[in-house]
Amino acid sequence: MLADHTTLTQFLIEERRRHPDASGELNALILDVALVCKAVARAVARGSLDGGLGSMATTDREQRVPKALDVVAHDLFLRGNEWGGHLAGMMSERMEAPCAIPAHFPKGRYLLLFDPLDGASGIDVNAAVGSIFSILRAPHPDLDASAADFLQSGSRQVCAGYAVYGPSTMLVVTVGTGAHGFTLDPMLGEFFLTHPDFRIPDATCEFAINAANSRFWEPAVRRYIDECVAGKGGSRGEDFNMRWSASLVAEAHRVLMRGGVVLYPRDARDPLRPGWLRLLHEANPIAFIIEQANGCASTGRGRVLDTLPQALQQRIGFIFGAREEVRRIEQYHDERNLREFDSPLFGSRGLFRVAV
């Protein structure tokens, strides 16, 4: 095995050699995050054996009671990354304010944002879940980070990644030189490079969306989905397959592995909210990975990585995957998103159409 595959450590060292002026601090931080992901993978794998499962107390996304594993994963990310001297601050999707590095640990030049356990609603049914992370440069190295320091566009990320805890544990990482997949060997406790340089095909016949929310969709999204569902007899002339796992990590991983397009669109449930995924902790890191793999990531109205965040927990619409499909959806937002459609295909008889 050691002779056949590159380890994550070897990969990072080789990347660093391309930049002789690099300090190695970023590599060390990525390895700390990878170690945390191994610990989370073990906790997820043991599940009920450690009392790690729980039931959702409510179906309301905004008022859910965190599962035990949510709490465990969150604590592992904090404890596993606070001590190394690489960070000026951390921020998770479960926190309203940044977490300061304890005073007895040195401060560093980076910021870490993370979603410790994405897709937690699937824990009880043994579905794949994951962790997402993003690394930014701290505007004020070696000092405690402020909330404003985290409000950077996704294009300024120096590293992003996710771990998916499924039949095997995989870590997908980009440092801006492509997106690469590493599979955990549980016997050696090491990540090995198994999927170098992911490439998403430009076109696809597979889409993922939560169809239960169709009554809230904007006209542009409804138009696109109706075209896909119409299949060969419709304007696209192709049969499409629909997927949905309710886990951003699982959806992103499927796109990397075999292509497709995923829609978490803005909808009409809350006119004041432009989407349901967190920009800093979820959309930005996944968008960075997708773009590095030849894909496209959009809000429906523009590039995700160009979005300037206004708040730590800001939400956005998020559409990503095959370039041709994402650009088509953007085109539909530009063309006819604010009025009803004339074509009967998009009228009250559409599969996801709700008559008013």
- Message: Condition first: in a loop (DSSP other than H, G, I, E, B), touching a helix residue (DSSP H, G or I) at 6+ places or on another chain (Cβ under 8 Å) and polar (S, T, N, Q). Now tell me which residues in the range 175-230 satisfy that.
- Response: Thr177, Thr204
- Item | Looking only at the range 1-38, and only at residues there that are among the hydroxyl-bearing types (Ser, Thr, Tyr) and either out of contact with any helix residue (DSSP H, G or I) (no Cβ under 8 Å at 6 or more places or on another chain) or over 20 Å from Phe133 (Cβ atoms) (or both), the one that is surrounded by the fewest Cβ atoms within 10 Å (Cβ to Cβ) | Ser23
- Message: I'd like to know if the range 285-304 contains one or more residues that are charged (D, E, K, R), modelled with pLDDT under 95 and outside any loop (DSSP other than H, G, I, E, B).
- Response: no
- What do you reckon, is Thr299 farther than 17 Å from Ala179 by Cβ, free of Cβ contacts under 8 Å to residues at least 60 places away in the same chain and open to solvent by 10 Å² or more (accessible area, probe 1.4 Å)? yes
- Please find, within the range 240-275, the residue that is nearest to Glu324 (Cα to Cα) out of those that are touching a Phe, Trp or Tyr at 6+ places or on another chain (Cβ under 7 Å) and without any contact (Cβ under 8 Å) to a residue 40 or more places away in the chain. Phe240
- Task: Just need a number here: residues in the range 177-195 that are under 21 Å from the mean Cα position of the chain (by Cα), closer than 30 Å to Pro102 by Cβ and open to solvent by 10 Å² or more (accessible area, probe 1.4 Å).
- Result: 1
- Within the range 119-165, restricting attention to residues that are charged (D, E, K, R), assigned to a helix (DSSP H, G or I) and modelled with pLDDT of 95 or more, which residue is farthest from Ala88 (Cα to Cα)? Arg156
- Query: Which condition number does Pro116 fail, the rest of (1) assigned to a strand (DSSP E or B); (2) loosely packed, with under 15 Cβ neighbours inside 10 Å being met?
  - Reply: (2)
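A quick yes/no check of all residues on (1) buried (at least 17 other Cβ atoms within 10 Å of the Cβ); (2) at pLDDT 75 or above; (3) hydroxyl-bearing (Ser, Thr, Tyr):
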{"residue": "Val40", "(1), (2), (3)": "yes, yes, no"}
{"residue": "Asp50", "(1), (2), (3)": "no, no, no"}
{"residue": "Thr59", "(1), (2), (3)": "no, no, yes"}
{"residue": "Val65", "(1), (2), (3)": "no, no, no"}
{"residue": "Glu96", "(1), (2), (3)": "no, yes, no"}
{"residue": "Pro102", "(1), (2), (3)": "no, yes, no"}
- Message: For the range 253-266, check the following and say yes or no: at least one residue is open to solvent by 20 Å² or more (accessible area, probe 1.4 Å), at pLDDT below 95 and either more than 11 Å from the chain's Cα centre (by Cα) or not hydrophobic (A, V, I, L, M, F, W, C) (or both).
- Response: yes
- What are the residues in the range 17-43 that are closer than 18 Å to Thr7 by Cα and outside any helix (DSSP H, G or I), if any? Arg18, Gly24
- Message: Out of everything in the range 312-324 that is in contact (Cβ under 8 Å) with a residue 60 or more places away in the chain and more than 13 Å from the chain's Cα centre (by Cα), what residue ends up being least open to solvent (accessible area, probe 1.4 Å)?
- Response: Ala322
- Message: When the residues of the range 227-239 are narrowed to those that are out of contact with any Phe, Trp or Tyr (no Cβ under 6 Å at 6 or more places or on another chain) and closer than 30 Å to Asp270 by Cα, which ends up most open to solvent (accessible area, probe 1.4 Å)?
- Response: Val229
- Query: For the range 94-132, how many residues meet the condition of being in contact with a Cys (Cβ under 9 Å, 6 or more places away or on another chain) and farther than 30 Å from Arg46 by Cα?
  - Reply: 1
- Item | Restricting the range 76-113 to residues that are out of contact with any Ser or Thr (no Cβ under 9 Å at 6 or more places or on another chain) and in a strand (DSSP E or B), the residue that is farthest from Pro141 (Cα to Cα) | Ser92
- Message: Anything in the range 66-75 that is within 24 Å of Trp276 (Cβ to Cβ), in contact with a helix residue (DSSP H, G or I) (Cβ under 7 Å, 6 or more places away or on another chain) and either assigned to a helix (DSSP H, G or I) or free of Cβ contacts under 8 Å to residues at least 12 places away in the same chain (or both)? List them, or say none.
- Response: Leu69, Asp70, Ala73
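The values are calculated or read from the model by the stated rules, or taken from the named source; none is laboratory data. Just so we're clear, the structure is a prediction, and the values are computed from it rather than from any experiment. All Cβ positions, even for glycine, are placed from backbone atoms using ideal geometry, and neighbour counts span all protein chains on display. For the accessible areas, the whole protein counts, side chains as well, though only heavy atoms, and no ligand, DNA or RNA atoms are used. Shrake-Rupley method; radii C 1.70, N 1.55, O 1.52, S 1.80 Å.
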